[in-house]
Amino acid sequence: MRPFGFTYDLLVYPRQLPAAIELASRLPDQPFVLDHIAKPPIRSREMGSWCDRLRELAQNPNVYCKLSGIVTEADWKQWTAGHCKPYLDVVFEAFGTERLMFGSDWPVCLLAGSYERVLGLVGDYVLTHALAASAKIFGENALRFYGVNKAAWTCN
């Protein structure tokens, strides 16, 4: 049960994913959101255990994932969308478009790129892979996860 209606952000590195998996498994009624796609080693272009553990965590339907913090795990000066694409592929496959939400990681993202460039990275990926889910990823999933009544955000 969610007696207080709280959500819990999981800000972890790949080595901490086993603890996140255990926590999410033990508390199936608690909504969790994985921040920064668990900070994979994009700079070194390794996927290793991050990939397997991320998929394992995503097996818990109470866990969502923020598409954030991606560029700060890449080479700050030379990253391209191509460097980030394999990681986005894994996240989209693992969580599906129903449990993903965009997060800018502003102002930290400014270390590696402008807000517009970060938004473009995820936006361009969505355009080529999940266009039908764009509204979900850029708003609706966050409203649902955080329990915000969509009608409260519209003018009457």
Out of 66, 77, 39, sole residue that is under 14 Å from the mean Cα position of the chain (by Cα) and more than 19 Å from residue 141 (Cβ to Cβ): 39
If we scan segment 115-137, do we find a residue that is touching a strand residue (DSSP E or B) at 6+ places or on another chain (Cβ under 9 Å) and of a type in the set (Ser, Thr, Tyr)? yes
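For every residue, the table says whether it meets (1) modelled with pLDDT of 95 or more; (2) among the aliphatic types (A, V, I, L, M); (3) farther than 26 Å from residue 20 by Cβ.
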site	(1), (2), (3)
65	yes, no, no
81	yes, yes, yes
86	yes, no, no
94	yes, yes, no
98	yes, no, no
117	yes, no, yes
132	no, yes, yes
152	no, yes, yes
Counted residues in segment 38-68 being closer than 15 Å to residue 9 by Cα and among the hydroxyl-bearing types (Ser, Thr, Tyr) come to 2
Every residue from segment 1-44 that is among the acidic types (Asp, Glu) and at pLDDT 95 or above: 9, 22, 35
Got a sec? Which of 108, 71, 118, 91 is among the β-branched types (Val, Ile, Thr) and more than 17 Å from residue 13 (Cα to Cα)? 118
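The values are calculated or read from the model by the stated rules, or taken from the named source; none is laboratory data. Everything numeric here is computed off the predicted structure, so don't read it as measured data. No Cβ is skipped: glycine too gets one built from the backbone with ideal geometry, and neighbour counts run over all protein chains shown.
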